[in-house]
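Each value in this text was obtained by applying a stated rule to the coordinates, not by laboratory testing. Source: prediction; values computed, not measured. All Cβ positions, glycine included, derive from the backbone under ideal geometry; neighbour counts span all protein chains shown.
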Amino acid sequence: MKVLVLGSGAGGGCPQWNCNCALCASARNGSRKIRPRTQSSIAVSPDGERWVLLNASPDIGQQLRTQPLLHPQKGLRDTPIKAVVLMDAQIDHATGLLSLREGPPIELYVTPCVFEDLTTGLPVLKVLEHYCGVHLHLLPVAGDQRLAEFPVEGFEGLRFRAIAIPGKAPPYSPHRHQPTVGDNIALEITELATGKRLFYAPGLGEVGPSEQAWMRDADCVLVDGTFWTEDEMVRAGLGSKFAADMGHLPQCATATRPGMMDALDQTGAKRKLLIHINNSNPILDDDGAERAELARRGIEVAHDGMEITL
């Protein structure tokens with residue numbers, strides 16, 4: 001199984017277009033070793049020829065142009081992307097669907113909650129009806145159903161499982177302040193021939209016993225790396241919200257909950273990576289103390305263009 005990291009940044013990427021914080025400024029002037037990052041999305045393939053896109057960021061056009069494996073291969077109009085699975089309905093994970101409108105109908109896999117958000121508060125799917133159209137595949141993660149195994153046509157060698165996880169619905173969702181099963185999912189993808197497993201959760205608000213079990217069983221864990229500390233945005237003067245307010249678990253623990261580093265310490269995965277890195281997070285600095293602490297724990301930071309083979 002092959003994994004391409006198309007984008008590794010949180011909303012806005014790095015440097016963010018209107019941000020002059022220390023990290024964004026350093027990314028522009030080169031004073032620190034900070035790689036530019038587009039907004040997070042990955043692609044998965046069993047053979048390097050057919051790909052499933054996991055989240056479609058607003059930067060998807062740029063990401064596809066710079067990734068030769070995802071260029072057209074056959075005929076005048078073609079794409080090796082055969083399906084799209086969304087983890088949530090956030091702007092930075094869903095609006096890239098609009099950039100796919102010139103292609104064939106999109107084979108789209110979403111939960112009922114995400115479908116609702118993308119036809120009401122952010123009616124992307126209604127817009128696409130006037131262009132390529134969408135072939136909808138609803139993932140039955142709702143109510144008491146917190147886990148759903150589902151097939152993706154053409155990818156019979158991969159087993160997909162959608163798992164409800166703690167997180168936040170988008171601000172335009174009717175249940176932004178009433179968490180609902182299906183607002184956010186993680187994905188476990190298993191290559192049946194080898195048994196290798198990927199656990200992907202770019203928006204993870206907590207790691208409880210069930211999330212810890214899924215992470216423990218994976219060969220590669222690719223999870224929420226948005227913030228280093230709970231109060232990062234407030235301390236940097238970039239906002240008034242804390243990590244928990246936005247549905248993210250920071251790397252560092254607080255007095256009331258363990259951090260993502262603690263959770264990753266408990267998994268035996270060979271590859272442990274953080275993705276969806278906010279432009280305020282000091283782990284963006286390849287030579288920084290925070291990055292050194294991650295390396296000491298065997299935790300990597302995903303970057304645009306990274307290729308992972310399981």
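Tally the DSSP beta bridges in the chain and give the antiparallel ones as a percent, rounded to 5. The partial results should precede the final answer.
Details: 29 of 53 bridges.
Approximately 55 percent, going by the DSSP bridge assignments.
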Vicinal HN-Hα couplings computed from phi for segment 177-185 (Karplus, 6.51 cos²θ - 1.76 cosθ + 1.60; Hz; Gly/Pro x): 9, 10, x, 10, 4, x, 4, 9, 10
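Given the DSSP H assignment, sum -39500 (n - 2.57) over each helix run of at least 4 residues in the chain and divide by its residue total; what's the result at 222 nm in deg cm²/dmol, nearest 500? Write down the numbers at each step before the final one.
Details: 9 runs with 55 residues, N = 310.
So the calculated ellipticity at 222 nm is -4000 deg cm²/dmol.
Restricting things to Cα coordinates, could you compute the convex hull volume per residue of segment 2-309 in Å³? Intermediate values should be presented prior to the final figure.
Numbers: hull volume 40.1 nm³, N = 308.
Convex hull volume per residue, Cα atoms: 130 Å³.
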Residues whose placed amide H lies under 5 Å from that of Met306, excluding near-sequence neighbours: Val5
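Can you quote the Å³ per residue value for the convex hull of the Cα atoms in segment 135-290, rounded to an integer?
Working: hull volume 23.2 nm³, N = 156.
Measuring per residue, one finds 149 Å³ for the Cα hull of segment 135-290.
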Under Karplus coefficients 6.51, -1.76 and 1.60, residue-wise ³J(HN,Hα) of segment 113-120 in Hz, glycine/proline x: 4, 5, 4, 4, 5, 8, 10, 10
Amide H partners (placed H, <5 Å) of Arg37, local residues excluded: Cys14
Set of lysines with alpha-carbon distance to Lys74 below 23 Å, sequence-local pairs under 8 removed: Lys2, Lys82
Segment 88-140-segment 1-76 distance, computed between alpha-carbon centres (Å): 20
J(HN,Hα) series, segment 152-163, from Karplus relation 6.51 cos²θ - 1.76 cosθ + 1.60, nearest Hz, glycine and proline x: 10, 4, x, 10, 5, x, 10, 9, 10, 10, 9, 10
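Averaging sequence separations of C-alpha pairs under 8 Å and six or more residues apart, then dividing by the length of the chain, give the relative contact order as a whole percent.
On the way: 728 pairs, mean separation 57.6, N = 310.
Rounded, it is 19 percent for the chain.
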Spatial separation of Cα centroids for segment 250-310 and segment 160-215, in angstrom: 18
Förster radius 35 Å - calculated FRET efficiency between Thr256 and Glu49, Cβ distance, rounded to 0.05: 0.15
Beta bridge orientation in segment 99-199: antiparallel %, DSSP, nearest 5: 75
Amide H partners (placed H, <5 Å) of Gly48, local residues excluded: Lys2
Computed Rg/Rh of segment 43-170, alpha carbon atoms with Kirkwood Rh: 0.95
Overall form of segment 102-195 per C-alpha gyration tensor (a/c, 1.5; a/b vs b/c): oblate
